[in-house]
Protein chains: 2
Amino acid sequence: MKNNTNVDQQEFTNQDFSGVVENNCPMTNTLKVIGGKWKLLILHAIMSECPARFGELKKKMKDITQTTLTAQLRELERDGILSRKVYAETPPKVEYKLTPLGETLVPVINTITAWGNTYCKSAV
Amino acid sequence: MKNNTNVDQQEFTNQDFSGVVENNCPMTNTLKVIGGKWKLLILHAIMSECPARFGELKKKMKDITQTTLTAQLRELERDGILSRKVYAETPPKVEYKLTPLGETLVPVINTITAWGNTYCKSAV
DNA sequence: AACATTAGTATTATTTTTCATACTTAGTAC
DNA sequence: GTACTAAGTATGAAAAATAATACTAATGTT
């Protein structure tokens, strides 16, 4: 009851996934949107600092290349998870943030990181 | 309070992830164990039929090759998520099931599939 | 004796993903 | 008018993941 009480949960289900999702297995469909080596890490980074600029994301994920980061961000944008806001400034400033649909992934990501914290501690 | 009330939650944290996990980011660590194209699908399949035989898994995931399925199962076994039981029969019979550590992933996987069901319906 | 069965392994090929490097753009500071 | 900045793009190379194909082993059935 904290917020969004007047928001129909179905509001975000109209996203057109028809180019990505062609299966009736919910796991397969979800993996098409958030699967891959980087997307969950990107979302995790944006969750902890929203909105986030391109350069900040790059710094946080030091092993990703600029090219790959750009490509992954574009896919997340295409799938309605992120929005991209370009400021007409020089040098360029671009902010990425979760859309309402993207925010529905917050509990998913929290569940995953909680598992990692509890069961998958590094020995190093 | 349904079950496991006498099971210390820490019981399953002694798994040695030192060969896999070298990071202090819980998302990175978790992705090393359940990341990749197939692992969550394999776990999802085993969850819905546990134990599962190799051939049953192969049938459910019709696009995976035998070689890849074997490789992914071995990694999940190495990481303590699955156990592998070989029956001394001909033709061979091998059963895979979730270990106690693997069972801690059940809510994670349910969260992911629930998101897919709610927000990521196929348009096809 | 030949055949079918299941869960593999071995090897090579292909596809997909990611990386490295150099280049671009438009203002602003020097 | 040269240098600097942030957020890219372009190109080709390399690495990683996945696939295709053929093979094996032990035993029960025909």
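The values are calculated or read from the model by the stated rules, or taken from the named source; none is laboratory data. Bear in mind that the values here come from a model prediction, so they are computed numbers and not experimental data. With ideal geometry, Cβ positions are generated from the backbone for all residues, glycine too; neighbour counts draw on all protein chains shown.
When residues of the range A:38-48 are filtered for being more than 7 Å from chain B (Cβ to nearest Cβ) and either in a helix (DSSP H, G or I) or at pLDDT below 95 (or both), how many remain? I'd like the intermediate steps shown before the answer.
Step one: list which residues in the range A:38-48 are more than 7 Å from chain B (Cβ to nearest Cβ), which gives A:38-39, A:42-43, A:45-48.
Within this subset, residues satisfying the condition of being either in a helix (DSSP H, G or I) or at pLDDT below 95 (or both) are A:39, A:42-43, A:45-48.
Total satisfying the criteria: 7.
Here A:ILE34 meets the list (1) surrounded by fewer than 16 Cβ atoms within 10 Å (Cβ to Cβ); (2) under 17 Å from B:THR113 (Cα atoms) almost entirely, failing just condition (1).
Of all residues in the range A:95-124, exactly one satisfies the criterion of being more than 21 Å from B:LEU31 (Cβ to Cβ) and crowded, with 18+ Cβ neighbours inside 10 Å, namely A:LEU101.
Take A:LEU31 and decide whether it is under 20 Å from B:LEU31 (Cβ atoms) and without any contact (Cβ under 8 Å) to a residue 40 or more places away in the chain. Spell out how you get there, then give the answer.
On the way: under 20 Å from B:LEU31 (Cβ atoms): yes; without any contact (Cβ under 8 Å) to a residue 40 or more places away in the chain: yes.
Here the answer is yes, as A:LEU31 does meet what is asked.
Considered as a group, the residues in the range A:17-58 that are closer than 17 Å to A:LEU69 by Cα and acidic (Asp, Glu) include one that is nearest to DNA strand C (Cβ to nearest atom), and that residue is A:GLU56.
If you go through the range B:35-55 and keep only what is under 16 Å from B:SER83 (Cβ atoms) and free of Cβ contacts under 8 Å to residues at least 12 places away in the same chain, you end up with just B:GLU49.
Just for the range A:76-94: of the residues that are of a type in the set (Asp, Glu) and surrounded by fewer than 17 Cβ atoms within 10 Å (Cβ to Cβ), which one is farthest from DNA strand C (Cβ to nearest atom)? Going through the qualifying residues, I end up with A:GLU77.
Residues of the range A:16-34 that are facing another protein chain (nearest Cβ under 7 Å) and closer than 18 Å to A:THR111 by Cα: A:PRO26, A:MET27, A:THR30, A:LEU31, A:VAL33.
For the range B:55-114, what are the residues that are farther than 24 Å from A:ILE109 by Cα, among the hydroxyl-bearing types (Ser, Thr, Tyr) and in a helix (DSSP H, G or I)? Scanning the range B:55-114 gives B:THR67, B:THR68, B:THR70. Looking at B:SER83, B:SER18, just one residue is among the small types (Gly, Ala, Ser), away from DNA strand D (no atom under 16 Å from the Cβ) and modelled with pLDDT of 95 or more, and that residue is B:SER83.
Annotation for the range A:87-106: at least one member residue is away from DNA strand D (no atom under 13 Å from the Cβ), under 30 Å from B:GLY80 (Cβ atoms), out of contact with any Cys (no Cβ under 7 Å at 6 or more places or on another chain) and within 14 Å of another protein chain (Cβ to nearest Cβ).
Among what's in the range B:58-80 and is among the hydrophobic types (A, V, I, L, M, F, W, C) and within 14 Å of another protein chain (Cβ to nearest Cβ), pick the residue that is farthest from DNA strand D (Cβ to nearest atom). By that ranking, first place goes to B:LEU76.
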